[in-house]
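Participant: Input: one structure, supplied below.
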2 protein chains.
Amino acid sequence: MVKPSRPDFKVDGTFNAGVARHRNEIVMLVRIAESVISVSGQGVAVPTLSQDGGTWRLGLTAFRRNDPAFDFSDPRVIKSVADPRNAFLTSMSHLRIARSTNGVTFRVDDYPFLFPANRYEQFGCEDPRITQIENRYYINYTSVSNLGISTSLAVTDDFISIERLGVIFSPDNRDVCLFPRRIDGHYWALHRPAPLHFGAPEIWVAKSPDLIHWGGHRIVAERRGNGWEANKIGGGAPMLETKKGWLQVYHGVDGRQRYCLGALLLDLHDPTIVIRRLDTPIAEPTEPYEITGFFNNVVFACGALITGDELQVYYGAADRVVALGTVALEDLWRAMRI
Amino acid sequence: MVKPSRPDFKVDGTFNAGVARHRNEIVMLVRIAESVISVSGQGVAVPTLSQDGGTWRLGLTAFRRNDPAFDFSDPRVIKSVADPRNAFLTSMSHLRIARSTNGVTFRVDDYPFLFPANRYEQFGCEDPRITQIENRYYINYTSVSNLGISTSLAVTDDFISIERLGVIFSPDNRDVCLFPRRIDGHYWALHRPAPLHFGAPEIWVAKSPDLIHWGGHRIVAERRGNGWEANKIGGGAPMLETKKGWLQVYHGVDGRQRYCLGALLLDLHDPTIVIRRLDTPIAEPTEPYEITGFFNNVVFACGALITGDELQVYYGAADRVVALGTVALEDLWRAMRI
């Protein structure tokens, strides 16, 4: 359904999409993961940016599959055996626009909206979230390079042109969820640092005077129990304002790398306070397209809307497709006992 | 030479000290690492904060050395075998003041100046840097907890009272070096994120409107070569203003965890630009007290002063003691060919 950005590329997945209302449309920004069409059984080439004068240009890095200097066991990453921190992604992601009038049927553009273009995006741009703040659309996305996994910000008014605003959270930090308005004079965001030495990827909150500079970092939700969110947790869709509080659809990961969706409710006046957190997931990978894909057993949300009394969650399934799930807010509040 | 903070604690090391000129004294803020005096051969207790009502209080967590659920092989950390991200430090550090009139002979206080006191400092406060900005003394330090290794900021006017300003860089991020004045209207800092998945700990630069909120993150120096700075690098002393540029005494680590000091010179008007970087270290662990200590083969600077034409580097040696090394700036510029 989606055209690759180059004739020698194939599309491996169209997943983890942000959504927003813009004029009379639902605009979706979808992560397109592409890889190089294999031309020989033993060779493998991966797309990477490299610097050419002052400009970063797309090129290919070639490997032989029988090269003992590299580890090919993870389908997503090729790692140097001598220095596993020296790694390459097998696919490169960019962001593309899809449009809909009903929120279900989407027309996908044939060309990229945001394509990797600098040092921090050398391996790709992933997992876009769209947040409308004061009539501008802020897009935060994961910028991946051999410097690590960081979060960058961009802004658009019309979903035609886009302005990059740089790295807002340094490596490793992803799954950033902006709040759609100021609270107590500040902009706010959930973010998900991934500590190296000890501790686990968990959900923090930070504030900002301008969406560019972030501080006041505090932990807001930790991994929990022995089940679906025991291994790590991270933000999902941008924050949704409801009468009951700020609603966050987040993801939890268990010890076998299975991704589920959970629900968290933060205080409207102080987003460092958790009002409720559901013990059980609101979605688990159960359908064939959630169980089997590029990375199996994943439901992972980057976008959600509230229409009337219904929550609509757009989520990536098995790192391959975008799916839609809905729930009546009343049912969610009842489950949360609020 | 230094009293423990409690009678059941012993001092394991007094190292990694920040320095500043205050009135007619050189004030040093030194990291004091303490552990619990062992009362039995098989038992080991580690100091940790735990929450008691709304307050974080110092307590002891006890282990049996023959408990197969924990890994005691690293003298610095006790790790859960089932979940190595669940870890405890064997020692807890706090910050204490030492004072000198000549920069060589110091009187050390008998009591802490900054003692761990919140969630982010559960395992200790480490590696203080002091930066005088507009007549206030900003102290950034490493706040360590089971959430990871973050950087916190505090401020003092008199080295008697201190105000905590919270976490300024989320986990894992340490080795923050502030610039002593605004450049182009912003405050600036070097920081050292440690990515989890790939990439290595390296030196980034960020800017801030207020020292609390940080953004505009850019890589400024990467690890290099196969030798003394091949494994990781990070900031050392706070930035020193010289006629030639912003001088940074940083640390480099080789593949065998040996820590050396290097010199980096950044552009006075644009601190994202590297003017010079010495190929060889300015200090290597060669003396007995640098080779053998709590963690062997370490020279690691958190403070430096320029007096006349001399650079004075206060550095921790083998995670045990504070040492002083000097070099004529002229010799440094000659080595840098600038």
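The values are calculated or read from the model by the stated rules, or taken from the named source; none is laboratory data. As the structure is a computational prediction, the values presented were derived from the model and not from experiment. In this analysis, Cβ positions are derived from the backbone assuming ideal geometry, glycine residues included, and neighbour counts consider all displayed protein chains. SASA here: full protein model, heavy atoms, side chains in, ligands and nucleic acids out. Shrake-Rupley method; radii C 1.70, N 1.55, O 1.52, S 1.80 Å.
Participant: On the basis of being in contact with a Pro (Cβ under 9 Å, 6 or more places away or on another chain), in contact (Cβ under 8 Å) with a residue 24 or more places away in the chain, of a type outside the set (G, A, S) and not assigned by TED's automatic domain parsing to the domain that holds A:P128, does A:R277 make the cut?
Facilitator: no
Participant: Let me ask another. Find all pairs meeting these conditions: Cβ atoms under 6 angstrom apart; at least six residues apart or on different chains; first residue within the stretch A:167-191 and within 12 Å of chain B (Cβ to nearest Cβ) and closer than 24 Å to B:P193 by Cβ; second residue of a type in the set (S, T, N, Q) and surrounded by fewer than 24 Cβ atoms within 10 Å (Cβ to Cβ).
Facilitator: Going by the 6 Å Cβ cut-off, the qualifying pairs are A:V167/A:S152; A:Y187/A:S208.
Participant: Related question: Scan (1) farther than 28 Å from B:H186 by Cβ; (2) modelled with pLDDT of 95 or more; (3) open to solvent by less than 70 Å² (accessible area, probe 1.4 Å) for the single condition B:P271 breaks and write down its number.
Facilitator: (1)
Participant: Any residue that is in a loop (DSSP other than H, G, I, E, B) and touching a His at 6+ places or on another chain (Cβ under 8 Å) - is there at least one of those in the stretch B:265-288?
Facilitator: Within the stretch B:265-288, not a single residue is in a loop (DSSP other than H, G, I, E, B) and touching a His at 6+ places or on another chain (Cβ under 8 Å).
Participant: Scan the stretch A:154-167 for residues that are in contact with a Ser or Thr (Cβ under 6 Å, 6 or more places away or on another chain) and surrounded by fewer than 24 Cβ atoms within 10 Å (Cβ to Cβ) and jot them down.
Facilitator: Within the stretch A:154-167, A:I162 is the sole residue that qualifies.
Participant: Also, quick follow-up: Of A:G234, A:G245, A:G252, A:G216, which residue is over 21 Å from the mean Cα position of the chain (by Cα) and over 24 Å from B:I219 (Cα atoms)?
Facilitator: Matching residue, one of A:G234, A:G245, A:G252, A:G216: A:G245.
Participant: Within the stretch B:108-151, track down each residue that is in a loop (DSSP other than H, G, I, E, B) and either at pLDDT below 95 or within 14 Å of chain A (Cβ to nearest Cβ) (or both).
Facilitator: B:N118, B:Q122, B:F123, B:E134, B:N135, B:N146, B:L147 - these are the residues of the stretch B:108-151 that are in a loop (DSSP other than H, G, I, E, B) and either at pLDDT below 95 or within 14 Å of chain A (Cβ to nearest Cβ) (or both).
Participant: From the residues in the stretch A:196-239 that are at the interface with another protein chain (Cβ under 9 Å from one of its Cβ atoms), in contact (Cβ under 8 Å) with a residue 40 or more places away in the chain and open to solvent by 30 Å² or more (accessible area, probe 1.4 Å), which one is farthest from B:H213 (Cα to Cα)?
Facilitator: Among residues in the stretch A:196-239 that are at the interface with another protein chain (Cβ under 9 Å from one of its Cβ atoms), in contact (Cβ under 8 Å) with a residue 40 or more places away in the chain and open to solvent by 30 Å² or more (accessible area, probe 1.4 Å), the one farthest from B:H213 (Cα to Cα) is A:R218.
Participant: Restrict the check to the stretch A:136-153 and report whether at least one residue is in contact with a Ser or Thr (Cβ under 8 Å, 6 or more places away or on another chain), buried (at least 24 other Cβ atoms within 10 Å of the Cβ), farther than 20 Å from A:A17 by Cβ and of a type in the set (V, I, T).
Facilitator: Checking the stretch A:136-153: not a single residue is in contact with a Ser or Thr (Cβ under 8 Å, 6 or more places away or on another chain), buried (at least 24 other Cβ atoms within 10 Å of the Cβ), farther than 20 Å from A:A17 by Cβ and of a type in the set (V, I, T).
Participant: For the stretch A:71-93, how many residues are free of Cβ contacts under 8 Å to residues at least 40 places away in the same chain, outside any loop (DSSP other than H, G, I, E, B) and within 19 Å of A:L147 (Cβ to Cβ)?
Facilitator: Number satisfying all stated conditions: 4.
Participant: So is B:D83 open to solvent by 30 Å² or more (accessible area, probe 1.4 Å), within 14 Å of another protein chain (Cβ to nearest Cβ), among the charged types (D, E, K, R) and in contact with a Ser or Thr (Cβ under 8 Å, 6 or more places away or on another chain) or not?
Facilitator: So B:D83 does not fit the description; no.
Participant: Which one is nearest to B:T90 (Cα to Cα) among residues in the stretch B:30-56 that are of a type in the set (D, E, K, R) and in contact with a strand residue (DSSP E or B) (Cβ under 6 Å, 6 or more places away or on another chain)?
Facilitator: Only one residue tops the list, namely B:E34.
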